[in-house]
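Enquirer: Sharing a structure with you now.
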Amino acid sequence: MSYDLTYSILVGIGILIGLPLLLTFYSEEKFNVSTVLIYMCIINAFLVSTGLFPMWTQIMFLIIVAALGIIELKSNKSNGVI
């Protein structure tokens, strides 16, 4: 399947960036990039299920969120939090 740059993909990118930022500002007191990436992963799953984005974008987001979680766990463990 070939993905051309059309208006629907541009709308999908706008939703993928705008909606997680909006949800983060409403749900968190302090802006956190990891929260934005988690929301982006969830929104991207819906966009993939509608066929707007290819599946590799969801796999990419899952790898990024997993790496971010590992980095945060290591930094918390070195600070003596856990």
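Bear in mind that the values in this text are calculations on the coordinates, not laboratory data. Worth saying up front: this structure is predicted, and the values here are computed from it rather than measured. Heads up, the Cβs are rebuilt from the backbone with ideal geometry, glycines too, and the neighbour counts pull from every protein chain shown.
Enquirer: Please work out whether segment 7-78 counts as rounded, prolate or oblate from its C-alpha gyration tensor, where a ≥ b ≥ c are the square roots of the eigenvalues and a/c under 1.5 means rounded, while otherwise a/b larger than b/c means prolate and anything else oblate?
Expert: oblate
Enquirer: I'd like the FRET efficiency for Ser78 and Glu28, computed as 1/(1 + (r/R0)^6) with the beta carbon distance as r and R0 of 30 Å, rounded to 0.05.
Expert: After rounding to 0.05, the efficiency reads 0.80.
Enquirer: Something else now. Non-local amide H neighbours of Phe53 (under 5 Å, H modeled in plane, Pro and chain starts lacking H): which ones?
Expert: Here Val48 satisfy the definition.
Enquirer: Quote to one decimal, in nm, the extra length available between Ser8 and Val65 on full extension: 0.36 nm per residue of separation minus the C-alpha distance between them.
Expert: Extra length available between Ser8 and Val65 comes to 18.0 nm.
Enquirer: In addition: May I ask you to sort Thr50, Thr35, Thr24 by Cβ crowding, counting other Cβ atoms within 10 Å and putting the fewest first?
Expert: Ranked by crowding around the Cβ, least crowded first: Thr50, Thr35, Thr24.
Enquirer: Using the 10 angstrom Cβ neighbour count as an exposure proxy, how do Leu37, Leu10 rank, fewest first?
Expert: With the sparsest Cβ surroundings first, the list reads Leu10, Leu37.
Enquirer: Order by neighbour count: Ile70, Ile15, fewest other Cβ atoms within 10 Å first, most last.
Expert: Ile70, Ile15
Enquirer: Still on this model: So what is the relative contact order of the chain, in percent, for Cα pairs below 8 Å that sit 6 or more residues apart?
Expert: Reported relative contact order: 25 percent.
Enquirer: Once phi is turned into ³J(HN,Hα) by the Karplus curve 6.51 cos²θ - 1.76 cosθ + 1.60 with θ = phi - 60°, what whole-Hz value does each residue of segment 13-19 show in order, with x for glycine and proline?
Expert: Using θ = phi - 60°, the values come out as 5, x, 5, 5, 8, x, 5 Hz.
Enquirer: Rounded to the nearest 500, what is the chain's calculated 222 nm mean residue ellipticity when only DSSP H runs of at least 4 contribute -39500 (n - 2.57) each, over all residues?
Expert: Calculated mean residue ellipticity at 222 nm is -26000 deg cm²/dmol.
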